[in-house]
1. If you go through segment 330-341 one residue at a time, do you hit one that is part of a helix (DSSP H, G or I) and within 24 Å of the chain's Cα centre (by Cα)?
2. Which ones in segment 400-412 are assigned to a helix (DSSP H, G or I), open to solvent by 40 Å² or more (accessible area, probe 1.4 Å) and either farther than 18 Å from E507 by Cα or in contact with a Gly (Cβ under 7 Å, 6 or more places away or on another chain) (or both)?
3. I'm told P109 meets every condition in (1) in contact with a helix residue (DSSP H, G or I) (Cβ under 8 Å, 6 or more places away or on another chain); (2) at pLDDT below 90; (3) open to solvent by 30 Å² or more (accessible area, probe 1.4 Å) except one. Can you identify the failing condition by its number?
4. Whether any residue in segment 413-431 is in a loop (DSSP other than H, G, I, E, B), among the aromatic types (F, W, Y) and open to solvent by 30 Å² or more (accessible area, probe 1.4 Å) is what I want to check.
5. Quick check: anything in segment 347-357 part of a helix (DSSP H, G or I), within 30 Å of I207 (Cα to Cα) and open to solvent by 20 Å² or more (accessible area, probe 1.4 Å)?
6. Take segment 230-285 and flag every residue that is outside any strand (DSSP E or B), open to solvent by 30 Å² or more (accessible area, probe 1.4 Å), at pLDDT 90 or above and in contact with a strand residue (DSSP E or B) (Cβ under 6 Å, 6 or more places away or on another chain).
7. When you scan segment 43-69, how many residues do you find that are within 30 Å of T198 (Cα to Cα), open to solvent by less than 60 Å² (accessible area, probe 1.4 Å) and modelled with pLDDT of 80 or more?
Amino acid sequence: MFSVKYGRKKIVYFCAFCILCLLSFRGLAAFAAGQDTPGSGADNELRSSGALSWKDYNGKRIGVLTGTLMEAAANTYFPDSEHLYFNSYPDLNVALLSGKIDAYIGDEPNLKTLHREIPEIDYIRERIQSQDVSFAFRKEDAESAALCRELNEFLKKSWEDGTMQEIDDIWMGIDEEKKVVDMSDLTGENGTIRVVTTSTDMPWSYIKDGKNVGYDIDLIVRFCRDKGYALELGDVDFAGRIPALESGKYDFTTDMNVTPEREEEVLFSDPTCHGGLVLAVLSEKITDHSFISKMISSFDKTFIRENRYTLFWEGILTTIVITIASIVFGTLFGFLIYMLCRKGGKLSNSIADFLVWLIQGMPVVVLLMILYYVVFAKSSIDGAVVSVIAFTLVFGVAVFGMLKMGVGAVDNGQKEAAYALGFSDMRTFFRIILPQAIPHFLPSYKAEVISLIKATAVVGYIAVQDLTKMGDIVRGRTYEAFFPLIAVAILYFILGGILTTVISRIEIDINPKKRREADILKGINTND
């Protein structure tokens, strides 16, 4: 009977997986076939990037990159529009291509590069506003101020001798062979500078052939080479850059638009690039590809080109390590809390209740950022370790609640009978109560494991390159709207399935009701 049930369960899982793939591929097919989406057919007259002004988009749905100058620009220049917020350029591109937004505000250099890669996305050549780009340092910090002055001296010399124009020609140009950055000769005799950037911000900073490259990276490496510094790079989403800078973990951050409000918080260098804000819109030149050719091209760009499959592999390993470590330590932590509170001590229960209230009431991403940028701000502790600590707390609190539920489901007469037979309290718990409690909470434990592996997707906020972050890096490099997202979803589905299978096997082994008769009677002579 069990084998039949287990076979049915596998069939259900397989069917769910196939439906997920079909729905995903259907979306890809619609995109590849150029089917009309909201904002792409009805507003066709607004898609001409050369004919109309950006002012014609006031009242349309405008995408905004969270934590950037684009927020203020959207409020100023598009007051009648609905503003939708996103965390990265790849997210904005997906929203635009799928019709979720009608346009989005972006930096002109970014959109120049984007249009070469995705002809379906263009930009209105008329600038919304001119804007210089600079590096940002900690304010009211003597060491940061000195480093900023040193960089400004280098920038002044580089603008005068043509170095900045050379950098611009390389990274705003089309010759991919020139787009390399060599860090091997950085000597570091004058120390190491730590720079935080965002590796989905092409052409400023991105990953190519598994290495950090881009306009800003090239400029920083030339500065380090000239001044005798070694370089350490960090990678966080744009919204996390200023918190990472102010925490003291990094010396400065890369490309940021200068605004009066930001000048109150950080110290800006002299301009590293002269640019402006423009409006990205859908192009009238829709490329017509078959579904099969689109799929082949997407697969090649996502996995094969520049060996990008290695990025996914690294992300998978990071996700697995964080998940398994959090499960192990979280289980031990939750069990320890329960054992301390098992006897109902007032102080221990009050502490446990407060801890449960605090952890359960806080979004995981907020907990991560508090730990990384506040609690461990002055520490050199790695972001992956902080992630394990955060998810250990989250999982431990869940385990504590499951143990209370499971033990509470065991009849109190079991304990009394064990005491009557002379069992000690600890022996009663571990030999009688706990084995009966585990089957009660193991299904919840299994669900919590699956939730945990999905929750780790937010660790990119604290410079951890997990599976989701690697997917974002690939999207930022290839400008592929859908395929990397679907690839990441399928990989999470597989990882979740593997963990579910392992825990289900444990559940079968410890629950007599689910074990096979032959396993239960193993070693027993049934012929007597």
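The values are calculated or read from the model by the stated rules, or taken from the named source; none is laboratory data. This structure is a prediction, so every number in the text was calculated from the model and none was measured. So basically every Cβ, Gly included, is an ideal-geometry build from the backbone, and we count neighbours across all protein chains shown. Ligands, DNA and RNA are stripped out before the accessible areas are found, and what is left, the full protein with its side chains, is counted by its heavy atoms. Shrake-Rupley method; radii C 1.70, N 1.55, O 1.52, S 1.80 Å.
1. Yes, the conditions are met somewhere in segment 330-341.
2. K404, G408, N412, listed by residue number.
3. That leaves (3) as the condition not met.
4. Kept after step one, since they are in a loop (DSSP other than H, G, I, E, B), are these residues of segment 413-431: 421-424.
Within this subset, residues satisfying the condition of being among the aromatic types (F, W, Y) are 423.
From the residues that got through so far, the ones that are open to solvent by 30 Å² or more (accessible area, probe 1.4 Å) too are 423.
Yes: segment 413-431 contains one or more residues that are in a loop (DSSP other than H, G, I, E, B), among the aromatic types (F, W, Y) and open to solvent by 30 Å² or more (accessible area, probe 1.4 Å).
5. So the first thing to find is which residues in segment 347-357 are part of a helix (DSSP H, G or I), and the list is 347-357.
Then drop every residue that is not within 30 Å of I207 (Cα to Cα), which leaves none.
No.
6. The one that is outside any strand (DSSP E or B), open to solvent by 30 Å² or more (accessible area, probe 1.4 Å), at pLDDT 90 or above and in contact with a strand residue (DSSP E or B) (Cβ under 6 Å, 6 or more places away or on another chain): P271.
7. Result for segment 43-69: 10.
Quick grid of which residues meet (1) open to solvent by 30 Å² or more (accessible area, probe 1.4 Å); (2) assigned to a loop (DSSP other than H, G, I, E, B); (3) charged (D, E, K, R); (4) modelled with pLDDT under 90:
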position: E448; (1), (2), (3), (4): yes, no, yes, no
position: L452; (1), (2), (3), (4): no, no, no, no
position: V458; (1), (2), (3), (4): yes, no, no, yes
position: V464; (1), (2), (3), (4): no, yes, no, yes
position: K469; (1), (2), (3), (4): no, no, yes, yes
position: R477; (1), (2), (3), (4): no, no, yes, yes
position: A481; (1), (2), (3), (4): no, yes, no, yes
position: I494; (1), (2), (3), (4): yes, no, no, no
position: T500; (1), (2), (3), (4): no, no, no, yes
